[in-house]
Amino acid sequence: MSKETLKRSYSAKDAVMLTTLSVILQNAEDHLPELTAENENWNAKLISTLKARVDKDFTDILGIDPKKDQREATAIVRAIQAEALPILSTVHLRLNMAVKDATRRSELLTQLGFAAFGKKAQAKDQIALIELLSQFKTNLTAKVKAEITASKDIKAEILDTLLGFADTFSKQNITQEIYKGTSKEITTEGVAALNATYKSVVTDFSKLVLDFYRKQKSAKKSLFSFSTIKKAVHSSGHYHTPPPPPTTPK
């Protein structure tokens, strides 16, 4: 079978796909007791085996060591999380005073990412925090900043601090080397192995876990959604880091 005739089972760059699987598996490890209680096959041995498989694909197929940058980025994101969340909460609260018009205030909360990601970020979902800061940075134009700070209820320095956190994500891109490309040529066998790993993690595991949480109406379902996590990871290749596994809403 030629390389051209073997299609990937996933719609993503190989490095994005494997990084997404790594996040899903760490999320599973973080919630292992309740997962194993639901299905005894969702156990520590399974997660360990799948993690080792993903790491092996990184190393053997892509020629990338995924460990060092992930550890560093995890520490960075957790430190930013501890500092950013109280500030975000303050800005959100003070917008009630800074922008009196309810309709305009709602527009700003949407534009700056609070509406979509605020609650999840405050629940220590790191993916949501990254998304919120990214949207905040993109949409906090000079005009919007002047509007928000006009009443003096919110200082410009506070907004600048949040922009600084977003910049830190950009500078500490844990996959910056990955997105420069790999020198290794992906063979037909390599594509087949990547497809098999994707199937083992997503088709045979995370889709079932997602269904479990969805039927419980739990916000944790997003932690096992390949498409949701892939979006954040893919974005990281351009302007911020792929997220370490988030601490989820209860």
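For the pair residue 30 and residue 102, what calculated FRET efficiency results from E = 1/(1 + (r/R0)^6), where r is the Cβ-Cβ distance and R0 = 41 Å, to the nearest 0.05?
Once the sixth-power term is evaluated, E becomes 0.60.
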Between residue 60 and residue 79, what is the label-to-label distance in nm when each label sits 7 Å out along the Cα-to-Cβ direction?
-> 3.6 nm
Residue 146-residue 195 pseudo-label distance in nm [points 7 Å out on the Cα-to-Cβ vector] | 5.7 nm
Counting Lys and Arg as +1 and Asp and Glu as -1, what is the net charge of the other residues whose Cβ lies under 13 Å from the Cβ of residue 114?
-> +2
Expressed as a percent, the portion of alpha-carbon pairs in the stretch 29-168 spaced more than 27 Å apart is 40 percent
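Take the residue pairs 207/230; 13/215; 207/231; 137/230; 100/152 and return only those whose Cα atoms are more than 19 Å apart.
13/215; 137/230
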Ranked packing of 103-113, 197-207, most packed first, by mean Cβ within 10 Å | 197-207, 103-113
Which ³J(HN,Hα) values, rounded to whole Hz and listed in residue order, are derived for the stretch 142-159 from phi using the Karplus coefficients 6.51, -1.76 and 1.60 in 6.51 cos²θ - 1.76 cosθ + 1.60 with θ = phi - 60°, glycine and proline given as x?
-> 4, 5, 5, 4, 5, 5, 5, 8, 4, 7, 6, 6, 10, 7, 4, 4, 5, 5
For residue 160 and residue 187 in one chain, what is 0.36 nm times their gap in residues minus the Cα-Cα distance, to one decimal in nm?
-> 5.1 nm
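Can you compute the charge dipole magnitude of the stretch 183-227 about its Cα centre, using +1 on each Lys and Arg Cβ and -1 on each Asp and Glu Cβ, nothing else charged? Give it in debye, rounded to the nearest 20.
Charge dipole of the stretch 183-227: 460 debye, to the nearest 20.
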Tell me, in nm to one decimal, what length is gained between residue 93 and residue 110 on full extension, where the rule is 0.36 nm per residue of separation less the Cα-Cα distance?
-> 4.7 nm
Can you give the extra length, in nm with one decimal, that the chain gains between residue 217 and residue 153 once fully stretched, where that is 0.36 nm per residue apart less the Cα-Cα distance?
-> 19.3 nm
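Read-outs throughout are calculated quantities, based only on the coordinates presented, and are distinct from any laboratory measurement. Not measured: the values here are computed from a predicted model. So basically every Cβ, Gly included, is an ideal-geometry build from the backbone, and we count neighbours across all protein chains shown.
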